[in-house]
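*Asks:* Please see the structure below; I have some questions.
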Amino acid sequence: MDSTVKGTSSSPNHSLEAEALKLDLLVEGAINGSFDAFDKIMVHYKERMYGVIYNMTLNHSDAADLTQETFVKAFQSISKFKRKSSFFTWLYRIGVNLTLTFLKRKRNRKFFSFEQFFGGSLNEGQKGQLASNEINSAKSTMLNELHEKLNEALSRLSDKHRTIVILYEIDGLSHKEISHIMKCTEGTVRSRLHYAKIQLQSMLSEYLC
C-alpha cells in the first residue's frame, strides 16, 4: 500500500477566493468605519479606477481629481453599499456618474483612437498608411485627421451612448456589468451600443470600406 503523502499546491481558484474573502473583510471593516480598511481598498482599486476615468476624460489631472473624488464619495456613502452587486461595480458607478457630471459641466470630449474602433474597416490605402512603420508627415496628418473626425462623431452621441461605448470597447466590461453601472437592463445596453456604432459608422462612412 502506497503511504506516500502527496503535496498540495494552491490553485488559481483558491487564490482568487482568498483574495475575494480578504476584500470582503476590508469592505466590512470600512462599513464599520475603519479608515485603515478603506485605505487598503483604495490602494487595491485606485489604479483601475483611474484608468476608467482617464478613458472618459483623456486628461491626467482631471482623472486624478475625479478618482480622488470617487473614493471620498465612496467612503462617505459606503454604509449604503447593499452587496447587490460587486463592490467594484458599485465603486465604478460612483466614478462613472461623477465623470459624466464633470463632462456635462465642462463639455469635455474624449479623443479616441480611430484604429481601436474601425481599424478593420478602413479602406486599403488607409490601412497601408497606418500599418507603415515609417513615421512621416503624411501618416501623422492622416492619424490626426482620423482622430479628430472620430472625436467629433463621438461628441455628437448622447452621454449615455458615449459612456456605454467607452465601458464596452475601451474598458472591456460585459453587458451585465455595464447594466449595473448604468442602472438599465442588459437589453438596453446592447441596443444603445448597437445604435451608437451605427451612428458612428454613418458619420464616418467616408473613412470606412
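The values are calculated or read from the model by the stated rules, or taken from the named source; none is laboratory data. Just so you know, these numbers come straight off a predicted model, no measurement behind them. Here Cβ is always computed from backbone atoms with ideal geometry, including for glycine, and neighbour counts include all displayed protein chains.
*Asks:* So which residues in region 145-172 are among the polar types (S, T, N, Q) and over 13 Å from Val96 (Cα atoms)?
*Replies:* Correct list: Asn151, Ser155, Ser158.
*Asks:* Are there any pairs, at least 6 apart or on different chains, whose C-beta atoms fall under 8 Å, with the first in region 30-47 and surrounded by fewer than 17 Cβ atoms within 10 Å (Cβ to Cβ) and the second modelled with pLDDT of 90 or more, and if so, which?
*Replies:* Cβ pairs passing all conditions: Lys46/Thr67; Lys46/Phe71.
*Asks:* Condition (residue is acidic (Asp, Glu), farther than 30 Å from Leu154 by Cβ and modelled with pLDDT of 85 or more) applied to region 61-76: is it met by at least one residue?
*Replies:* no
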